[in-house]
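Notes to accompany the following structure.
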Amino acid sequence: MVQEVVLAVDIGGTKISAGLVGPDRKVRRHIVISTPANEPDIGDALQGLLTSVTDYTRPAAIGVASAGPVDPQHGTVSPINIPAWRNFPLVDLVSATVPELPVTLVGDAIAAAVGEHWVGAGRGATAMLGIVVSTGVGGGLVLDGAPYPGPSGNAGHLGHIVVDPAGPRCSCGATGCVETYASGPSMARWAREHGWSGPDARALAADAAGGNTVAQRAYDRGAEALARAITTAATLCDLDRVVIGGGVSGAGRVLFAPLQRHLDRLSTSDFAGRTTVYPAALGGHAGLLGAAHNALSAARTAPRPSDILLR
Ligand SMILES: [Zn+2]
């Protein structure tokens, strides 16, 4: 009988978190550390974290969520915001630290979507898009009630849907991607170019809430780009729900009020217009819970606990 407690790990550019998750969908022994700047410090820190979380309990499987791009087939990651890792064999490192367990790998935005669908604001949705608006814009899909990572493991990457071909140059090489309008740094940069002075998108949100018109326009512009991408995704996938998380979504009404206004204006088909948008409910736990969901599925389907699913 497999003991269905899994080790979940969520690796981002600024922090790495890990915890144990059981079928009750709660995170236990949750530990968060800052992501070191250099390899091998990142590897050492990750190994130390995994060892301390699994000190007393042997999990049945390990679920890893990582900033992308990820390559689940080969178990490697090349996170844009962790330059020290390029085609880094993350699954091998995890397997070497906590051996002889199935290890699954998923992109962090997909994990966040799966976590919200499993436990949070996406519960019960049949077709859901999860969006993370932060220093970038990521996304993940749940279709027919099941995670849809796609063949490469990167489906739903909403941040690089082009909403204006004549728009700003994006880090991906295209122009006018959602991310160039709606990410925190993009909104703050646009506001500064139009006379606002402040450190970041959090300050921008506070100023927008306080009535600063440039700050409000920056959020309105980001919200319109998100609305265009959401309308496109809803038309393509017949979505019944969109869940938006990430640091920028903490702006609350400053983001969600203009977003709903633009969605109402842009949704021209009845079926796409029925898509409802909710703020994420799980905060920093969404990625961990999504990674845990993957690992629990792997633990249930693994023929023997000693099988390594991804090497
Ligand atoms: Zn792009």
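Mind sorting His117, His74 by how few other Cβ atoms lie within 10 Å of their own Cβ, fewest first? Don't jump to the answer; show the numbers that get you there.
Details: His117 28, His74 16.
Taking fewest neighbouring Cβ atoms as first place, the list is His74, His117.
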Worksheet item: To the nearest 20 debye, what charge dipole does the chain have about its Cα centre, counting +1 at the Cβ of each Lys and Arg and -1 at the Cβ of each Asp and Glu?
Response: 460 debye
Worksheet entry | DSSP-defined beta bridges in the stretch 56-133 - what % are antiparallel, rounded to 5 | 40 percent
Practice prompt. Rounding to the nearest 20 debye, state how big the charge dipole of the stretch 107-226 is about its Cα centre with +1 on each Lys and Arg Cβ and -1 on each Asp and Glu Cβ.
Written response: 160 debye
Worksheet item: What fraction of the DSSP beta bridges in the stretch 20-159 is antiparallel, stated in percent and rounded to the nearest 5?
Response: 75 percent
Worksheet item: Along the charge dipole of the chain, Cβ charges K/R +1 and D/E -1, which of Gly176, Pro99, Thr213 sits furthest on the positive end?
Response: Thr213
Worksheet item: By counting other Cβ atoms within 10 Å of each Cβ, how are Asp270, Asp200, Asp10 ranked from fewest to most?
Response: Asp270, Asp200, Asp10
Worksheet entry | the chain - share of DSSP beta bridges that are antiparallel (%, nearest 5) | 60 percent
Worksheet item: Using alpha-carbon positions, what is the distance between the centroids of the stretch 226-274 and the stretch 2-35, in Å?
Response: 30 Å
Response to the item:
Two pseudo-spin positions, 7 Å from Cα along C-beta at Gln260 and at Thr126, lie apart in nanometres by 2.4 nm
Response to the item:
Contact order relative to length for the chain, counting C-alpha pairs under 8 Å separated by 6 or more residues, stands in percent at 23 percent
Discussion item. Report the gain in length on full extension from Glu4 to His30: 0.36 nm times residue separation, minus Cα-Cα distance, nm rounded to one decimal.
Written reply: 7.7 nm
Fill in: Residue-span extension gain [Ala281 to Ala146] - 0.36 nm each, minus C-alpha spacing
46.7 nm
Response to the item:
Expressed in angstrom and rounded, the centroid-to-centroid distance over alpha carbons for the stretch 132-165 and the stretch 76-100 is 21 Å
Worksheet item: Considering amide H positions built from the backbone, and no H for Pro or chain starts, which residues 5 or more places from Tyr148, or on another chain, come under 5 Å of its amide H?
Response: Leu141, Val142, Leu143
Item to complete: With a point put 7 Å past each Cα toward its Cβ, work out how far Phe271 is from Ala174 in nm, to one decimal.
Response: 2.3 nm
Response to the item:
Ranked from fewest to most other Cβ atoms within 10 Å of their own Cβ, Ile33, Ile42 fall in the order Ile33, Ile42
Worksheet entry | the stretch 166-273 - charge dipole about Cα centre, Lys and Arg +1 at Cβ, Asp and Glu -1, debye rounded to 20 | 260 debye
Worksheet item: Just going by the charge dipole of the chain, with Lys and Arg at +1 and Asp and Glu at -1 on Cβ, which of Val163, Tyr56, Val243 is farthest out on the positive end?
Response: Val243
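We did not get these values from a lab; they are worked out from the coordinates using the rules stated. Fair warning: this is a prediction, and the values are worked out from it, not measured in the lab. Here the Cβ is made from the backbone with ideal geometry for all residues, glycine too, and neighbour counts use every protein chain on show.
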